[in-house]
Every structure is written in C-alpha cells, then in structure tokens.
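The values are calculated or read from the model by the stated rules, or taken from the named source; none is laboratory data. Every value quoted in this text rests on a predicted model; they were computed, and no experiment measured them. For neighbour counting, all protein chains shown are included, and Cβ atoms are generated from backbone atoms with ideal geometry for every residue, glycine included.
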Amino acid sequence: MRSFRPFINEIVLLERNPLRSSSPTTITVGRRSQQLHGPSSGDLFGRSLGIALFAVLLTAAVTGTWMFLSGVFLNTWRPGLWMITYGYPLSLWMVAGYLAVVRFLSYLDLRIRHEGWEVELRMRAEATRLTGPSL
C-alpha cells in the first residue's frame, strides 16, 4: 500500500496541510496526496519495486565489503561476533540513510515534474491570452 502513496510523510511534514477540513476548497493531506500521486501512481509503484530490489542488493554489497575488509585486515574470513554486532547493523543504517536521501530527491523530482509542467501550461495560456486571437 505504501508503494502507491510513498510521499505522505513529506506532504505532512513539509507542506503542513491540515488533516481534515470542513471547507471543500481547503487542500487537505488526502487531497494533496491524490493530486500529487494520482497521475504517477504506476510510475511510483514501479520505482518503489526497483528501489526495494536496489536496497537489498546494496545492503548485500556493503555487508560483503565489511566481510572483505575484515578478512584482509583481521584475517577472519567468516562472519564473527564483530560482523553480527556491528557490521550488519552498520550496513543497514548506511543503506537506510542513502535511501532516505534518494526518496527525498524522488519527492522533489515528482513535484517539479507535476508543478513545473502546470506552471509552463499556465504561462503559455497567459501568453496566448495577452497576444490576442491569431488569424
């Protein structure tokens, strides 16, 4: 379910829309979420599947790097207590931090794509209105 509406946290924290409103013209979190996610729901679902696969592979790569460094410098090629206590959690936190930045940049990309296109269309309509009807 989260893959269809991945940017609810950003909408709540950054845009500070109200959760509910009695006025039909007020943009609430639900309306903003529908406006932002609606046109790109298929793309967002595919992107979330790709990011999930990438996260698993990146975690395995970082963990493999820790194991390799442990083998080279400590001459222990099997995962031991150090790897279980520090290596695996550190790998997961590194990937989680990286993916948090990727997710925020994806949110900015989605907003620029939707709202930038909307601004361009409004500017073209206004330019057409100001130049008058063409013959």
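Evaluation of ALA52 against the conditions (1) surrounded by fewer than 14 Cβ atoms within 10 Å (Cβ to Cβ); (2) more than 24 Å from ALA100 (Cα to Cα) shows that the sole unmet condition is (2). Restricted to region 1-56, and to residues there that are among the aromatic types (Phe, Trp, Tyr) and not in a helix (DSSP H, G or I), the residue that is modelled with the lowest pLDDT is PHE4.
Let's see how each residue does on (1) among the basic types (Lys, Arg); (2) in contact (Cβ under 8 Å) with a residue 24 or more places away in the chain; (3) over 30 Å from ARG5 (Cβ atoms):
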{"site": "ILE51", "(1), (2), (3)": "no, yes, no"}
{"site": "PHE68", "(1), (2), (3)": "no, no, yes"}
{"site": "GLY71", "(1), (2), (3)": "no, no, yes"}
{"site": "LEU74", "(1), (2), (3)": "no, no, yes"}
{"site": "TYR88", "(1), (2), (3)": "no, yes, yes"}
{"site": "SER91", "(1), (2), (3)": "no, yes, no"}
{"site": "SER106", "(1), (2), (3)": "no, yes, no"}
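Residues of region 11-47 being hydroxyl-bearing (Ser, Thr, Tyr) and within 25 Å of LEU99 (Cβ to Cβ), which ones? Of everything in region 11-47, those that are hydroxyl-bearing (Ser, Thr, Tyr) and within 25 Å of LEU99 (Cβ to Cβ) turn out to be SER33, SER40, SER41.
Filtered by the rule that a residue be hydrophobic (A, V, I, L, M, F, W, C) and either under 14 Å from ASN9 (Cα atoms) or modelled with pLDDT under 90 (or both), region 89-113 gives ALA100, VAL101, PHE104, LEU105, LEU108, LEU110, ILE112. Remark: pairs (first residue in region 22-43, on the phi < 0 side of the Ramachandran plot and surrounded by 14 or more Cβ atoms within 10 Å (Cβ to Cβ); second residue among the basic types (Lys, Arg) and not in a helix (DSSP H, G or I); Cβ separation under 7 Å; 6+ apart in sequence or on different chains) = THR28/ARG20; SER33/ARG5; HIS37/ARG5.
Scanning region 57-79 for residues that are assigned to a loop (DSSP other than H, G, I, E, B) and touching a helix residue (DSSP H, G or I) at 6+ places or on another chain (Cβ under 8 Å) turns up THR76, TRP77, PRO79. Within region 58-86, the residues that satisfy the criterion of being surrounded by 11 or more Cβ atoms within 10 Å (Cβ to Cβ), over 27 Å from VAL102 (Cα atoms) and not hydroxyl-bearing (Ser, Thr, Tyr) are GLY71, TRP77, PRO79, GLY80, TRP82.
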